[in-house]
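Note sheet for the following structure.
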Amino acid sequence: MEEVLELLGEGLEALGAEASASTQIRSEEEPRKRFKLINRNQLMIRPVDVEKLVEADHPVRAIWAMVCELDWSRFEDDVKVVEGGKGRSKTDPRLLAALWIYAYSEGVNSARELSRMCSHEPGCEWLTGMEEVNYHTLSDFRTKDKEAQDDLFKQVLGRLSAEGLTDLKRVMQDGTKIRAQASGNSFRREDTLREHLKLAQEQIEAMGSPDSEELSQRVIKAKQRAAREKKQRLKLALEELQKFEQNRQESEKASRVSESDPEARMMKQSDGGFAPSYNVQVCTEASNKIIVAVETTQAGTDYDELVHGIDAVHTNTGQTPEQMVVDGGYIKNANIEEAAERGVDLIGPVAESNPVASLKQRGVSPDFYPDKFRYDKQTDTFICPAGKTLTFQRSSRHDGRIEHQYRAKAADCQSCPFRDECCPKASPRMVIRKEDSEAVKAFRAKMQTEQAKQIYRSRAEVAETPNAWIKAKFGLRQFRLRGLRKVGIEAVWACLTYNIRQWIRLIWKPQLATVSAAVAGM
Ligand code: SF4
């Protein structure tokens, strides 16, 4: 060590000699330039005007103004300290909510990152009054009470409605897949999950007692907590697996669930790949693109989400939307009928059923597809290409339509020269006549009109705006938390933030500009 220091000393001396030689040369040629000294080896105390940390039109001022308008009594239930009483004061829920709203709008969804921001980022410093906020406090607040947070979303919606920003005449619903906090490799079958659960239990038992003196209590408790959480996740994974197994067809492969986030589901992504995700359903009113409902589901498709969307809008606003505009992923006859029953005008593309794939699979020749069979309305029979009669068998209701079955006589098909082309796998031949319900017929007719087509064309711009904001601007492409309840909370924070940003853009900033102009003119 001494040798190293000696060598270093010699090196520095040599460098110093070189530098002074260079200075001598420079000083002979021209006077040395002088610059301000950078002195980092000092302590400083300087006055900070907290109020002036942010400009007058900084979004934190608007966020604070909005949160101060809301009722926070639901967030104060567990606060025991009172003014004039003993105990440490709690952090104001308005401050915690404002910090999270600001964080989401800046693309930050980590409690640790937000806590760090409080020590140097002017917007956060202004909000906190330059006080530090512990990340545990931030993290606990974000996920503590889903119902209270849903109430917060409704309250903000109420404020926006009072300012004339929401109109439920036309609501667009769209779903977006957001990646779960799990990788595709974390999906396991039942045997592996049970094995891992056993290992987790053994790990917990093998851990030292928190009273042990060998390791610090904090370290042991942290390790035990991590192991317990892992065990809980594995138990939940087995429960989720049982749910899958109950619905699984015999022909389907054994189910697998993620041991990192058992409630996540493998979902098709917009790039065509599959990834563990949740499906976030967003209903946006068309006049100012305000989100009026947000629901997070485990459904891989949007087929069953329309009715939930209508219900969620009603829960949040007390009103049923007059018109719902959706893409083809929501259109099925049952949804068309349900919307009609609720008095909701549904706009969406008409789905045409295509039986060709199944006919091809059965080896039926195109010359014997159903359109080659002639229907006789008077006798309610079909005449096949060989001139034989198919008679009515029975009617059944399926997916919002009535299906009438007609069958040929077994003897006719058995002796028919076209049997291999017409019914190679199942004889005698059967034909189904589908009859749409009145609601479906009316929907189809409406969607042929130019007015309905024009409304549908405006869907993408409105419905996809909040999704694009949430993913591109707020950076919520992957949830930070795990489990349906917690990711649902994350989605609500993002949508709440989006709505407040819309209010800042449409109301707060124009009002501020008017006031500033009036002051300048005085
Ligand atoms: S197989 Fe039967 S239904 Fe088909 S063309 Fe022949 S008789 Fe008609």
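The values are calculated or read from the model by the stated rules, or taken from the named source; none is laboratory data. Since this is a predicted model, take the numbers as computed values, not measurements. Neighbour counts run over all protein chains shown; Cβ positions are idealised from the backbone, glycine included.
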Heads up, the strands (runs of 3 or more DSSP E) in segment 260-332 (entirely inside) with at least 1 residues that are β-branched (Val, Ile, Thr), surrounded by 16 or more Cβ atoms within 10 Å (Cβ to Cβ) and touching a residue at least 24 places away in the same chain (Cβ under 8 Å) are 274-285, 291-297, 323-325
Any residue at all in segment 83-98 that's within 24 Å of Gly475 (Cα to Cα), of a type outside the set (A, V, I, L, M, F, W, C) and surrounded by fewer than 20 Cβ atoms within 10 Å (Cβ to Cβ)? yes
Among the residues of segment 135-150, is there at least one that is modelled with pLDDT under 95, within 30 Å of Gly318 (Cα to Cα) and polar (S, T, N, Q)? yes
Might you check whether a residue that is surrounded by fewer than 16 Cβ atoms within 10 Å (Cβ to Cβ) and farther than 30 Å from Pro385 by Cβ occurs anywhere in segment 488-505? yes
Among the numbered conditions (1) free of Cβ contacts under 8 Å to residues at least 12 places away in the same chain; (2) more than 25 Å from Ala56 (Cα to Cα), tell me where Lys146 comes up short. (1)
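Matching residues to (1) on the phi < 0 side of the Ramachandran plot; (2) at pLDDT 90 or above; (3) within 16 Å of the ligand (Cβ to nearest atom); (4) surrounded by 16 or more Cβ atoms within 10 Å (Cβ to Cβ):
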{"site": "Val350", "(1), (2), (3), (4)": "yes, no, no, no"}
{"site": "Asn354", "(1), (2), (3), (4)": "yes, no, no, no"}
{"site": "Phe382", "(1), (2), (3), (4)": "yes, yes, yes, yes"}
{"site": "Gly387", "(1), (2), (3), (4)": "no, yes, yes, no"}
{"site": "Ser396", "(1), (2), (3), (4)": "yes, no, no, no"}
{"site": "Gly400", "(1), (2), (3), (4)": "no, no, no, yes"}
{"site": "Asp412", "(1), (2), (3), (4)": "yes, yes, yes, yes"}
{"site": "Val431", "(1), (2), (3), (4)": "yes, yes, yes, yes"}
Quick one: how many residues across segment 414-425 are near the ligand (Cβ under 9 Å from one of its atoms) and within 49 Å of the chain's Cα centre (by Cα)? 2
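Is it true that Gly475 is surrounded by fewer than 15 Cβ atoms within 10 Å (Cβ to Cβ) and away from the ligand (no atom under 16 Å from the Cβ)?
Working: surrounded by fewer than 15 Cβ atoms within 10 Å (Cβ to Cβ): yes; away from the ligand (no atom under 16 Å from the Cβ): yes.
So Gly475 passes the test.
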State which residue is nearest to Tyr303 (Cα to Cα) when the search covers only segment 363-422 and only residues that are assigned to a strand (DSSP E or B) and of a type in the set (Gly, Ala, Ser). Ser396
Sort out which residues of segment 121-137 are within 14 Å of Glu106 (Cβ to Cβ), over 27 Å from the mean Cα position of the chain (by Cα) and touching a residue at least 40 places away in the same chain (Cβ under 8 Å), and write them in order of number. Pro122, Glu125, Trp126, Leu127
Has segment 361-377 got at least one residue that is away from the ligand (no atom under 14 Å from the Cβ), out of contact with any Gly (no Cβ under 8 Å at 6 or more places or on another chain) and of a type in the set (Val, Ile, Thr)? no
Failed condition for Ser437, given (1) loosely packed, with under 15 Cβ neighbours inside 10 Å; (2) more than 16 Å from the ligand (Cβ to nearest atom): (1)
From (1) under 27 Å from Val294 (Cβ atoms); (2) of a type in the set (A, V, I, L, M, F, W, C); (3) modelled with pLDDT under 95, pick out the condition that doesn't hold for Leu157. (3)
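I'd like the residue in segment 341-362 that is part of a helix (DSSP H, G or I) and of a type outside the set (A, V, I, L, M, F, W, C) and, out of all such residues, is nearest to the chain's Cα centre (by Cα). Reasoning before the result, please.
Here is the first cut: in segment 341-362, the ones part of a helix (DSSP H, G or I) are 341, 356-361.
Right, trim to of a type outside the set (A, V, I, L, M, F, W, C) and you get 341, 358, 360-361.
On the way: Glu341: 29, Ser358: 35, Lys360: 39, Gln361: 38 Å.
Result: Glu341.
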